[in-house]
Every structure is written in structure tokens, then in C-alpha cells.
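Student: Below is the structure I would like to discuss, written out as C-alpha cells.
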Amino acid sequence: MTTLKEIYFEQPVGKSGHPGNTDKETHHSYISGFYEEAFKEYKNKDDLQILEIGIAHGGSINLWLQYFDDVYITGVDLFLNEGIVKDANRFMYHERVNLVKKSGTDKEYIDTLKDDFYDIIIDDGSHKIGDQVLSLKYMYSKVKKGGLYIIEDIESIEATKQLEFQEGWVKLDLNKDRVEQNKKRNRYDNIIMYWKK
Ligand SMILES: C[S@@+](CC[C@H](N)C(=O)[O-])C[C@H]1O[C@@H](n2cnc3c(N)ncnc32)[C@H](O)[C@@H]1O
């Protein structure tokens, strides 16, 4: 079985929109620390539905497309077609990708999405705790039973408390593995929370 790490590392990194272009393992340790294990059970699922808030170059979209057997991806980004997010435009007409220029906190938009529909929702958008709280409030009902809701890059352990209103949370403080690196880069945002419905 191909692993996420194989896809991530076995291809030339640095090319825009390449799976290695996502920062999920270079700046963070999310693939080895969480996704590899958590996504195994979804890999061969038919008609898997993922929604990710935050597209950037399209690196993670490319990674999911290569890893899952039968996946459809909704990518939501407030800055679609602007700056670095322009790189993701090549997925604009991809039959398995739907790109949407909206904020991950836009309730009016989120209300148009079906309840109990997505297998996986990932919040990798603004990384502001206020936005993460709103997206969780509005989007949690969109995840189907057995699915996952994941928030990346929570700014601090203190901030995770604001997300505890939604029951069933699990916290992963991957900073522990990266103390030296974080000190150097002065970032402490290697914290994930997730909910398995
Ligand atoms: C860290 S990048 C996403 C990286 C991508 N998920 C990956 O792993 O390759 C964050 C993205 O979130 C977008 N963003 C920032 N604020 C947002 C918001 N309120 N709603 C939706 N997207 C937002 C930015 O334009 C940027 O493209």
C-alpha cells in the first residue's frame, strides 16, 4: 500500500503544487504524527468526500488525489485566484476537485452544504483561533458518522480550550517532537485537534 510519506517524499519537492509543496510535513509533523495512521481506514473507500479550508499552492489537494483511491475534494479558500493560490488554478477543471472562493467562516456558504456528507473536513485556513471556532461551529454537522473533523496549526495549548465546546475532541501537541526546530523558527503552532464522529 502506498503511504502518504512515500507520495510526499518520493517526488521532487519544491515544485509548485507538488504534494511535497504542502507544509504538512516540512514545517509540521502532521503526516508522520497524525495523517498516516488516521487516513488509512479511508484510503480505499468509494466516493470519499473531503473538504479542506485553505488551498495555498494546491499541495495538499495533490497529495489527497494521489493517496486516496476514489476521492472528491472541495477546496475552500478566501484568496482563490490571488497570490500563491493562483498555483492551484490547474485544479479548477479537475473532475474530482471543486474550488470555492469563500471564507471558511462564511455561514451563508456553509449553510448551503449538505449535513452528514463529508468523510473528512480539514481546517488549514487562517489558523486564527476565532476563525477555527466559527468553522467548527458551522461545519461540524457536515461530517458524516465515522468521519473526521481536523483543525491544524492551533496557536497554543491555551487556545485549544476554546474548541472544547464540541465534545469528543482529541489534542495532539506535536511541538513536543519539534522543540529545537520550533525554538529556531519561533513557532509553536504544531498543534492539531480532531474529532472522530
Ligand atoms: C497554510 S495555507 C494552506 C495549505 C494547504 N492546505 C496545504 O497543506 O498545502 C493557508 C491557506 O488558507 C487561506 N485562507 C486564509 N484565511 C482564510 C479564510 N478565512 N478562509 C479560507 N481560506 C483562508 C490562505 O489563502 C492560504 O491559501
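For every residue, the table says whether it meets (1) more than 11 Å from the chain's Cα centre (by Cα); (2) among the hydrophobic types (A, V, I, L, M, F, W, C); (3) within 14 Å of the ligand (Cβ to nearest atom).
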| residue | (1), (2), (3) |
| --- | --- |
| LYS43 | yes, no, no |
| GLN49 | yes, no, no |
| GLY54 | no, no, yes |
| GLY58 | yes, no, yes |
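Student: For the condition part of a helix (DSSP H, G or I), at pLDDT 95 or above and charged (D, E, K, R), what is the one hit in ASP131, ASP177?
Tutor: Testing whether each residue is part of a helix (DSSP H, G or I), at pLDDT 95 or above and charged (D, E, K, R) leaves just ASP131.
Student: Could you check the stretch 111-163 and list, in sequence order, the residues that are among the charged types (D, E, K, R) and in contact with a Leu (Cβ under 8 Å, 6 or more places away or on another chain)?
Tutor: Of everything in the stretch 111-163, those that are among the charged types (D, E, K, R) and in contact with a Leu (Cβ under 8 Å, 6 or more places away or on another chain) turn out to be ASP119, ASP123, LYS142.
Student: Enumerate the pairs (first residue in the stretch 102-128 and closer than 18 Å to ILE191 by Cβ and of a type in the set (Asp, Glu); second residue anywhere and more than 9 Å from the ligand (Cβ to nearest atom) and at pLDDT 95 or above) with beta-carbon separation below 7 Å, excluding pairs fewer than 6 apart on the same chain, so at least 6 apart or on different chains.
Tutor: ASP123/GLN132; ASP123/ILE150; ASP123/ILE151
Student: Right, here's the next one. Name the single residue that is nearest to the chain's Cα centre (by Cα) among those in the stretch 123-137 being more than 12 Å from the ligand (Cβ to nearest atom) and buried (at least 16 other Cβ atoms within 10 Å of the Cβ).
Tutor: LEU136
Student: Something else about it: May I ask you to verify whether ILE120 is of a type outside the set (Lys, Arg), away from the ligand (no atom under 11 Å from the Cβ), closer than 19 Å to TRP195 by Cα and in contact with a Gly (Cβ under 7 Å, 6 or more places away or on another chain)?
Tutor: For ILE120, the condition - of a type outside the set (Lys, Arg), away from the ligand (no atom under 11 Å from the Cβ), closer than 19 Å to TRP195 by Cα and in contact with a Gly (Cβ under 7 Å, 6 or more places away or on another chain) - is met.
Student: Next up: So ILE157 ticks every box in (1) touching a strand residue (DSSP E or B) at 6+ places or on another chain (Cβ under 7 Å); (2) within 16 Å of the ligand (Cβ to nearest atom); (3) closer than 23 Å to HIS28 by Cα; (4) not acidic (Asp, Glu) but one. Which box is left unticked?
Tutor: (2)
Student: Restricting the search to the stretch 68-104, which residues are more than 8 Å from the ligand (Cβ to nearest atom), in contact with a Ser or Thr (Cβ under 7 Å, 6 or more places away or on another chain) and either modelled with pLDDT under 95 or of a type outside the set (A, V, I, L, M, F, W, C) (or both)?
Tutor: ASP87, ASN98
Student: Output the number of residues of the stretch 156-174 satisfying the condition of being among the acidic types (Asp, Glu) and in contact with a Phe, Trp or Tyr (Cβ under 7 Å, 6 or more places away or on another chain).
Tutor: Selection size over the stretch 156-174: 0.
The values are calculated or read from the model by the stated rules, or taken from the named source; none is laboratory data. In this text the structure is predicted, and so the values were computed from the model without any measurement. In this analysis, Cβ positions are derived from the backbone assuming ideal geometry, glycine residues included, and neighbour counts consider all displayed protein chains.
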